Structure formats: C-alpha cells, structure tokens
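Presented below is the structure to which this report refers.
The values are calculated or read from the model by the stated rules, or taken from the named source; none is laboratory data. Keep in mind the model is a prediction, meaning the values are calculated, not measured. Cβ coordinates were reconstructed from backbone atoms using ideal geometry, including for glycine residues, and neighbour counts include every protein chain displayed. Side chains included, ligands, DNA and RNA excluded: accessible areas come from the protein's heavy atoms. Shrake-Rupley method; radii C 1.70, N 1.55, O 1.52, S 1.80 Å.
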Amino acid sequence: DAKTTQPNSMESNEEEPVHLPCNHSTISGTDYIHWYRQLPSQGPEYVIHGLTSNVNNRMASLAIAEDRKSSTLILHRATLRDAAVYYCILRDYGGSYIPTFGRGTSLIVHP
Amino acid sequence: EPEVTQTPSHQVTQMGQEVILRCVPISNHLYFYWYRQILGQKVEFLVSFYNNEISEKSEIFDDQFSVERPDGSNFTLKIRSTKLEDSAMYFCASSEAAWEQETQYFGPGTRLLVL
C-alpha cells in the first residue's frame with residue numbers, strides 16, 4: 001500500500017513561500033505523485049503531479065526526493081486564495097489500484 | 001474553460017429511496033470518476049469508468065451503487081436504496097487519460113442528505 005503522511009496544518013503569511021511536505025516511503029517505482037487542493041465548499045482542484053523529476057507549472061512546483069520517498073509542494077508566493085486543504089495522492093492497492101486521498105494539510109494564510 | 005457540471009447541487013431523500021446523481025464531464029474526456037466526502041472527512045474514491053465499463057472500484061462501491069453513461073454526455077451515479085450513512089458530498093470527475101498520469105477535473109459536487 002502506498003500511504004502518505006502529511007502535517008495536519010501549516011500556516012504562512014501572504015506573499016511568502018510555502019513548502020508543504022508529504023512522506024510516501026512505500027511508493028513503488030511507477031507511482032506518480034499527485035497534488036490536489038480543496039478550497040472551502042468546493043471540489044478538489046488539480047495542482048501538479050510528477051514521477052521522478054522536479055516539476056513546475058503556473059500554480060506551484062513539485063520537488064521530489066531522489067529516493068522518491070518524500071515530496072514537497074512549493075507555493076512560491078502564498079495568497080489568501082491559496083488557503084485550502086492540500087492533498088498528496090498516490091495510488092493504493094485495495095483489490096485494484098485506486099487514488100487515495102489522505103487527510104491532507106490545511107494551509108492557513110495570514111494577511 | 002471547460003468544466004465538469006453536476007446536478008442537483010443539493011438533494012434530500014428518505015432512507016430506502018433511490019437517488020440518481022448526474023454529471024456532465026468535459027466533452028473530450030474519456031475517463032470518469034465518482035468520489036464521496038462525508039462531512040469533515042477525507043475524499044474517498046468510489047469508482048472509475050472507461051469505455052462504457054467500470055475500470056476500478058473501491059470497497060465502498062457495493063451492490064447498492066451503479067454508474068451509467070446513458071447518452072454519451074451524462075454520467076450518473078445511482079444509489080438503489082439509500083442509507084443514513086450515504087449522506088455526503090458526491091463529486092464527479094473526468095480526465096482525458098487514466099488518472100495516474102493525467103489531471104482529473106472535479107465538479108462542484110452534489111450534497112446528499114438522507115433522512
């Protein structure tokens with residue numbers, strides 16, 4: 001089973017960088033690492049995903065450890081609109097491979 | 001920008017009744033999903049659907065649940081005989097390719113309350 005561990009919550013000030021960690025020590029070699037976020041009262045929203053190399057897009061960067069047992073989502077300049085629950089998602093085997101959300105990290109952004 | 005839509009936004013039903021939740025995925029997407037989120041809890045995968053059949057399902061997706069793509073645009077989740085514990089937010093999602101390597105786009109959800 002590919003389990004993920006994330007801190008329950010983190011805080012940041014507006015316009016500062018935020019590093020959201022995720023541990024996935026049982027990840028298999030072919031598992032992509034996905035990050036989604038969920039703003040209050042909304043459906044999850046894709047942020048970024050990667051396999052081995054670090055990835056960048058307009059929303060964030062994803063830094064993946066060399067051994068792939070952990071990753072960090074980086075928001076370069078947090079805004080109030082980034083306040084959300086951030087989920088690190090891998091596939092999990094429970095009879096078949098399915099996407100498994102953990103409890104995520106609740107990011108609080110202070111003005 | 002294309003988006004996934006869901007109807008209704010809220011549904012209240014009596015225990016034992018059948019409910020059908022509707023979703024319109026993004027038009028060129030081939031993979032479709034249902035998730036649920038009980039209030040205050042994590043998002044849980046229910047089922048994925050590709051090429052007119054279920055490709056994966058979780059333990060939650062038992063015989064009370066079924067999915068259908070009746071007309072090439074809608075994607076529905078049916079709960080045959082609702083229980084109190086089915087009260088949750090249900091999210092539909094779609095993607096161009098299998099979720100492991102592709103972005104899933106989620107709808108706004110249907111809040112189901114079973115009394």
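Taking the criterion of being open to solvent by less than 40 Å² (accessible area, probe 1.4 Å) and either in contact with a helix residue (DSSP H, G or I) (Cβ under 9 Å, 6 or more places away or on another chain) or of a type outside the set (A, V, I, L, M) (or both), the residues of segment A:40-59 that qualify are A:GLY43, A:PRO44, A:HIS49, A:GLY50. Just one of the listed residues (A:ILE74, A:ILE64) is more than 14 Å from chain B (Cβ to nearest Cβ), within 22 Å of B:THR103 (Cβ to Cβ), open to solvent by less than 40 Å² (accessible area, probe 1.4 Å) and in contact with a Gly (Cβ under 8 Å, 6 or more places away or on another chain), and it is A:ILE64. Scanning segment A:1-39 for residues that are open to solvent by less than 40 Å² (accessible area, probe 1.4 Å), within 10 Å of chain B (Cβ to nearest Cβ) and under 19 Å from A:SER70 (Cα atoms) turns up A:ASP31, A:HIS34, A:TYR36. When the criteria are applied in full, B:LEU39 meets the requirement of being at pLDDT below 95 and among the hydrophobic types (A, V, I, L, M, F, W, C).
Determine whether A:ARG103 is more than 12 Å from A:PRO17 (Cα to Cα), in contact with a helix residue (DSSP H, G or I) (Cβ under 9 Å, 6 or more places away or on another chain) and basic (Lys, Arg). No. Listed conditions (1) within 14 Å of chain B (Cβ to nearest Cβ); (2) open to solvent by 60 Å² or more (accessible area, probe 1.4 Å); (3) not charged (D, E, K, R) are all met by A:LEU80, apart from (1).
Restricting B:ASN51, B:ASN74, B:ASN28 to those that are of a type outside the set (A, V, I, L, M, F, W, C) and touching a Cys at 6+ places or on another chain (Cβ under 9 Å) reduces the list to B:ASN74. Among the numbered conditions (1) within 14 Å of another protein chain (Cβ to nearest Cβ); (2) touching a Ser or Thr at 6+ places or on another chain (Cβ under 9 Å), the only one that A:LYS69 does not meet is (1).
Filtered by the rule that a residue be in contact (Cβ under 8 Å) with a residue 40 or more places away in the chain, touching a Lys or Arg at 6+ places or on another chain (Cβ under 9 Å) and more than 16 Å from B:LEU112 (Cα to Cα), segment B:31-73 gives B:PHE32, B:SER48.
Listed by position, the strands (runs of 3 or more DSSP E) inside segment B:10-115 whose residues that are open to solvent by 10 Å² or more (accessible area, probe 1.4 Å) and away from chain A (no Cβ under 14 Å) number at least 1 are B:10-13, B:19-24, B:65-68, B:75-79, B:110-114.
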